[in-house]
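To start, the structure itself, in structure tokens.
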Amino acid sequence: MKEEAVTEPWQRAIARSLALHRAAMGQVARDPRWLERARARVAEWRRTGAVATPYVEAWEEALALPLPELVERVLDPSQAGIDRRQVSPFAGVLAPRERWQILREVERRGDRAAR
């Protein structure tokens, strides 16, 4: 799937989040322990009240899905998907170097579109 260039700051934020989550889902597919960590994080959110209930419930529902459906839900381009990715249990899945490479690529796409 071809990535479209983004020019507006809000488009870049959405593109960054989607690209980071796409890479994170690759890691989850390779190492299912990340899925268990995400579930534990959401359980902690529920226990402590650290995250608003609608996000906790959305992630609990998503994390109960089989992996292919979870990936689809995580990468959902709809407004609900965008909102869900703003509060993600997949923080820490990507190594810092990989994360920065992804962020630089998203910025390069945006810079090319602005020319």
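Residue by residue, what Karplus-based ³J(HN,Hα) values in Hz, rounded to whole numbers, does the stretch 32-49 have, using 6.51, -1.76 and 1.60 with θ = phi - 60° and x for Gly and Pro?
Coupling constants for the stretch 32-49: x, 4, 5, 5, 5, 5, 5, 4, 5, 5, 5, 4, 5, 4, 5, 4, 8, x Hz.
Pop out the ³J(HN,Hα) list for the stretch 55-71 in order, Karplus 6.51 cos²θ - 1.76 cosθ + 1.60 with θ = phi - 60°, rounded to Hz; leave Gly and Pro as x.
Coupling constants for the stretch 55-71: 6, 4, 5, 4, 6, 4, 5, 5, 6, 8, 7, x, 3, x, 6, 4, 4 Hz.
Please order 51, 71 by the number of other Cβ within 10 Å, starting at the fewest.
51, 71
Translational D (Stokes-Einstein, µm²/s) of the chain at 37 °C and 0.692 mPa s when Rh comes from the Kirkwood sum over C-alpha pairs?
The estimated diffusion coefficient comes to 221 µm²/s.
No lab work stands behind these numbers, since they all come straight from the coordinates. As the structure is a computational prediction, the values presented were derived from the model and not from experiment. In this analysis, Cβ positions are derived from the backbone assuming ideal geometry, glycine residues included, and neighbour counts consider all displayed protein chains.
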